[in-house]
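Participant: Supplied in structure tokens, the structure appears directly below.
The values are calculated or read from the model by the stated rules, or taken from the named source; none is laboratory data. Predicted model only: the values in this text are computed from it and were never measured. Only protein heavy atoms, including side chains, enter the accessible area calculation; ligands, DNA and RNA are left aside. Shrake-Rupley method; radii C 1.70, N 1.55, O 1.52, S 1.80 Å.
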Amino acid sequence: MMKYSLFVFLFLWPLWGWGQVQPKKKKTPKTITTVTHSEKSKLPEEIDRTLKLKLAVIQYFVAQPDDKGETLFWQTKGKLTFGIVNYTEAQNPVFKELFIKQYHEMYKEYILMISQGDVAATTTFMQLLVRHELEYRALLTPEQLTLYRNAFQTMETSNRQTYDSYTGLFFSDSLLQAYQNGFR
């Protein structure tokens with residue numbers, strides 16, 4: 001009996017899973033983050049620099065398998081901004097819903113921008129990111145918006161490394177203005 005159990009375990013156990021149906025994973029398109037917008041329209045250095053940061057961060061989320069990119073996106077945006085503005089319990093689901101909606105819009109436009117690779121597609125994508133920032137700010141209370149703006153102003157002037165990490169997903173007032181002017 002012992003020999004039979006050992007035979008089943010060693011030789012048949014590995015075959016057990018071969019006949020079972022495995023769930024299909026959503027394929028994530030291979031993308032690159034190079035965009036020709038700055039080369040053709042000569043964007044200001046700050047926009048060019050932060051554009052590369054934004055695209056690298058977005059590429060990371062888009063490249064995740066299945067729904068992991070969506071989850072990472074809304075959790076990252078939520079946690080980073082919660083640390084600045086301290087959402088209320090009532091605001092948490094509102095911001096989660098907003099960030100998930102934004103991810104789906106961003107994902108679709110990002111893939112389109114990468115596939116087209118032209119100035120018009122890049123401009124449309126950047127306008128979308130600006131609109132997302134404005135939607136987010138519109139949901140903050142006046143006190144939270146002040147905290148948010150002040151935190152970015154402080155980072156922008158005194159902690160450039162932290163500022164750069166936040167500008168992958170968000171905009172300071174000055175950067176928002178520059179993007180609004182640069183991507184009309």
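Participant: Convert each backbone phi in the range 172-184 into a coupling constant with the Karplus relation 6.51 cos²θ - 1.76 cosθ + 1.60 (shift: θ = phi - 60°), then list the ³J(HN,Hα) values in order as whole Hz, x for Gly and Pro.
Facilitator: 6, 4, 5, 5, 4, 4, 5, 5, 4, 6, x, 10, 8
Participant: Moving on. If I take every Cα pair under 8 Å that is 6 or more residues apart in the range 110-184, average their sequence separation and divide by the length, what percent do I get for the relative contact order? All intermediate terms of the calculation are to be shown ahead of the outcome.
Facilitator: Numbers: 32 pairs, mean separation 30.8, N = 75.
Relative contact order for the range 110-184 comes out at 41 percent.
Participant: Summarise the accessible area of the range 41-184 (1.4 Å probe, protein heavy atoms) by the percent that is carbon and sulfur. Before the final figure, lay out the partial values.
Facilitator: Working: 4070 of 7120 Å².
About 57 percent, which is the carbon plus sulfur part of the accessible surface.
Participant: On a 1.4 Å probe surface of the protein chains, which of His132, His104 comes out largest in accessible area, and what is the full order? Write out the running numbers ahead of the final one.
Facilitator: On the way: His132 10, His104 100 Å².
Heavy-atom accessible area, descending, gives His104, His132.
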